[in-house]
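Novice: Provided herewith is a single structure, encoded as C-alpha cells, for subsequent inquiry.
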Amino acid sequence: MKRAALAILAAALAPLAIPASGQQTTQDAPAKRRVLITAFEPFDGREENNSTRIANMMKAHPELFPGIEITVCTLPVVYDEATASALACLDRMDEKPDLVLSLGEVGCKVQLETSAGNMDDVAGAPDNAGNVRSDRVIVPGAPARLGFSFPAQAMFCALSAEERKAVDVSNSMNYVCNNTAYLLGHKLRGTGIQHGFVHVPTTASYCGDANDPLANARLIAHMIGGAFADRETNREATYALPHCTNEERLPTSLEELSRAATSIAEAQDAVACEQEFLDRLKELMR
C-alpha cells in the first residue's frame with residue numbers, strides 16, 4: 001500500500017519536475033506580450049477620470065491578461081504634454097511594448113477609435129493648464145487624418161455578438177484625447193509598436209452599469225487578446241488592414257475602406273465579423 005501511495009505521489013509531481021541544466025522542456029513558454037496603457041488624470045473639475053480607474057483595474061487583475069504584462073501610465077490633461085509624458089513612460093520601460101493603447105473617457109459606451117485628426121479645435125474648452133486651442137494644426141505638413149496602427153478589426157471580432165452591442169466603432173475625436181492620439185500615432189511610426197485609442201464610459205451616474213470598471217476592464221482584455229491572436233494568423237502583408245506583418249493603418253477615407261474590404265473578401269481566412277467592423281466604419285464616413 002505504501003509503494004502504491006508513493007507511486008501516485010510521484011506521478012502527481014512529475015509535471016512539476018525541473019529539467020536538468022541545458023535540457024529543453026517539451027514545450028517552451030510563449031513569449032510574454034507587453035502593453036503600455038495610457039490614461040488621463042481628472043479634468044474639468046471632476047474628482048476622477050474613468051480611464052485611469054479602468055486602467056488601474058486592468059493592472060489589478062492580471063488574470064484577465066494571461067501572458068500579457070500591463071504597464072499603466074497616467075497622463076496630464078494638457079495639450080502636447082500628455083504625449084511627452086507617454087513617451088517618457090515608454091522610455092522607462094525595460095523592453096519596448098508590442099502595443100500602446102490609450103484610454104480616454106466620453107459618453108456611456110466603449111468606443112473603439114480608428115483615427116485621429118491633425119487639428120486642435122475645441123474653442124471654449126481649456127485643458128488643465130488653461131490652454132484653449134481653436135483651428136490649430138497639430139503636426140504641420142502631416143496628413144489631415146491618421147489611422148491607427150492597431151488591428152481594431154481583430155479586437156472588435158474578439159468580442160462576442162452581445163459584447164459588440166456595447167461597443168461603438170468611432171472615427172471622431174477631439175480635445176486632448178485627439179491631440180494625444182495623433183501625436184503618439186505620428187511619433188510611433190516606424191517603431192514597430194502598434195498604437196490605438198479606446199474611449200471608455202464616463203463615471204457619470206446616468207451611465208448606470210455602463211461604467212462598471214471591472215466589466216469594462218474585462219471587455220478591453222478581450223479586445224487586447226484579439227489583437228495578439230491576430231499576430232498568429234497567416235495573412236499576407238498585402239492584407240489592407242493593420243496586422244503585425246505590415247505597416248497598414250486603419251482607413252480614413254471611403255477609398256481606403258473599399259481597398260480594405262476587397263482585401264478581406266479575397267483573404268482565405270476572412271470572417272463576417274470583420275465585414276461588420278468595416279460596415280460600421282463606412283456608416284461614419286458617408
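Just so you know, all these numbers are worked out from the coordinates, no wet-lab data involved. In this text the structure is predicted, and so the values were computed from the model without any measurement. Backbone-built Cβ (ideal geometry, glycine too); neighbour counts: all protein chains shown.
Novice: Give the Cα extents of segment 123-281 along the principal axes, in whole Å, largest first.
Specialist: 52, 43, 27
Novice: Moving to a separate point now. Please enumerate, by chain and number, the lysines with C-alpha under 24 Å from the C-alpha of LYS109, excluding those fewer than 8 residues away in the same chain.
Specialist: Result set, ordered by chain and number: LYS59, LYS165, LYS282.
Novice: Could you pull out every residue, at least 5 positions away or on a different chain, whose amide H is within less than 5 Å of the one on LEU75? Hs are placed 1.01 Å off N in the peptide plane, and Pro or chain starts have none.
Specialist: Hits under the 5 Å cutoff: ALA39, PHE40, GLU41.
Novice: Give a residue-ordered list of calculated ³J(HN,Hα) values for segment 43-52 (Karplus: 6.51 cos²θ - 1.76 cosθ + 1.60, θ = phi - 60°; whole Hz; x for Gly, Pro).
Specialist: Each residue of segment 43-52 in turn: 8, 6, x, 7, 7, 8, 10, 5, 5, 5 Hz.
Novice: A further question follows. Within 10 Å of each candidate Cβ there may be at most 14 other Cβ atoms; applying that plus a DSSP loop requirement, which GluC sites (Glu not before Pro) in segment 47-124 survive?
Specialist: Answer by residue number: GLU47, GLU48, GLU95.
Novice: Going by amide H atoms built from the backbone, whose H comes under 5 Å of the H on ASP80, apart from near neighbours?
Specialist: none
Novice: Just want the ordering: SER102, SER170, SER149, SER253, from fewest to most Cβ atoms lying within 10 Å of their own Cβ.
Specialist: In order of increasing Cβ crowding within 10 Å: SER253, SER170, SER149, SER102.
Novice: Here is a further query. Restricting to bridges with both residues inside segment 33-234, how much of the DSSP beta-bridge set is antiparallel, in percent to the nearest 5?
Specialist: Beta bridges within segment 33-234, antiparallel portion: roughly 25 percent.
Novice: So if I place +1 on the C-beta of Lys and Arg and -1 on the C-beta of Asp and Glu, and nothing else carries charge, what would the dipole magnitude of segment 33-234 be about its Cα centre? I want it in debye, nearest 20.
Specialist: 400 debye
Novice: Could I ask something else about it? What list of ³J(HN,Hα) values in whole Hz, one per residue of segment 182-187 in order, does the Karplus curve 6.51 cos²θ - 1.76 cosθ + 1.60 (θ = phi - 60°) give from phi, with Gly and Pro shown as x?
Specialist: Karplus-based 3J(HN,Hα) across segment 182-187 equals 5, 5, 5, x, 6, 5 Hz.
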